[in-house]
Structures are given as C-alpha cells and as structure tokens.
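Okay, so here's the structure we're looking at.
The values are calculated or read from the model by the stated rules, or taken from the named source; none is laboratory data. All values derive from a computational prediction rather than experimental measurement. Cβ placement follows ideal geometry from the backbone for every residue including glycine, while neighbour counts extend to all protein chains displayed. Ligands, DNA and RNA are excluded from the accessible area calculation, which covers all protein heavy atoms including side chains. Shrake-Rupley method; radii C 1.70, N 1.55, O 1.52, S 1.80 Å.
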Amino acid sequence: MKKVKYLVTLLAVIFLIACSGSDTYRGDWKATNVDGEQYNLTFKAKSFTVTNTAGEVTNYNYTQNSVNIKNSVETYGLNLEDGRKYQLNFPLADDESVGLLLDSNGKVLYAISRDNYITYDDIFALD
C-alpha cells in the first residue's frame, strides 16, 4: 500500500510541475511579429505578458501541455486560458536563444530572441 501512495504522490508532483512553464522559455524575450512590429514578451510559470511599443500590456494565463524534442529541436505546447493553443518552437538544434511563437495552425505569431529583435528570416539565416 505504501508503494501505491508513493507512486500516486510522485505522479501528482510530476503533473503539477508539467503544467508550469519550462525554464527554457521563462523570462524576457524581444519579439517581432510578421508585420515587423516589435514587442516584449515575458514568460512566467503560468502566465505571459505581451508589451507593445506604446507600453500597453496584455496578460495571458496558460498551462504547458506538451514537450517535444526531436533532433535537439524543442517544441512546447501551451494552452491559453481562453482555449487557444500555441507552440513555442526552438528550431535551431541546441540553441534556445531564438525561437518562434506559433498558433495552433503553425502560423508564426512572433519571432523571439533573448537579445535582439529578429525576424523569421533572421532565425534561419543563422544556420
């Protein structure tokens, strides 16, 4: 019986940790949308904010629902509180300093970087 309780507790802890955002993408990002407009994104454990150049802030609550790593390329699934689904994709193998925020159809919402405002084309020019 002790083993069952231990297993249930372990699974509950893993589930709670899995719902929080990964350390990989937590923190501040410089973002550029497909129209070239610049934003700042800040990811926390269960929410992220988008700040435009006028200083207007929009907050989104989310849970992380998946992690996929294939050939060292990482993709994290995010479920927003309002039902939308996003993906954070780090398309360059072993490089988590640049990425893409995609909608559920794979359309690029933002190209993101820890250091600079970049575009989608800039990411793939880095190869």
Name the residue that is modelled with the highest pLDDT, counting only residues in region 83-127 that are hydrophobic (A, V, I, L, M, F, W, C), open to solvent by less than 70 Å² (accessible area, probe 1.4 Å) and assigned to a loop (DSSP other than H, G, I, E, B). Ile118
Pairs, first closer than 17 Å to Arg26 by Cβ and touching a residue at least 60 places away in the same chain (Cβ under 8 Å) in region 64-91, second of a type in the set (Asp, Glu) and assigned to a loop (DSSP other than H, G, I, E, B), C-beta under 9 Å, six or more apart: Phe90/Glu96
Top-ranked residue in region 92-101 [being in contact (Cβ under 8 Å) with a residue 40 or more places away in the chain and under 10 Å from the mean Cα position of the chain (by Cα); ranked as nearest to Val34 (Cα to Cα)]: Leu101
Taking into account only those residues within region 41-63 that are open to solvent by 50 Å² or more (accessible area, probe 1.4 Å), without any contact (Cβ under 8 Å) to a residue 24 or more places away in the chain and not basic (Lys, Arg), which is farthest from Tyr25 (Cα to Cα)? Ala54
Restrict the check to region 26-40 and report whether at least one residue is exposed (fewer than 10 other Cβ atoms within 10 Å of the Cβ) and at pLDDT 95 or above. yes
Result of the Cβ filter at 9 Å on region 102-126, keeping first residues that are over 19 Å from Tyr86 (Cα atoms) and among the hydrophobic types (A, V, I, L, M, F, W, C) and partners that are open to solvent by 90 Å² or more (accessible area, probe 1.4 Å) and assigned to a loop (DSSP other than H, G, I, E, B), at least 6 apart or interchain, is Ile118/Leu126
Among the residues of region 46-82, how many are modelled with pLDDT of 95 or more and on the phi > 0 side of the Ramachandran plot? 1
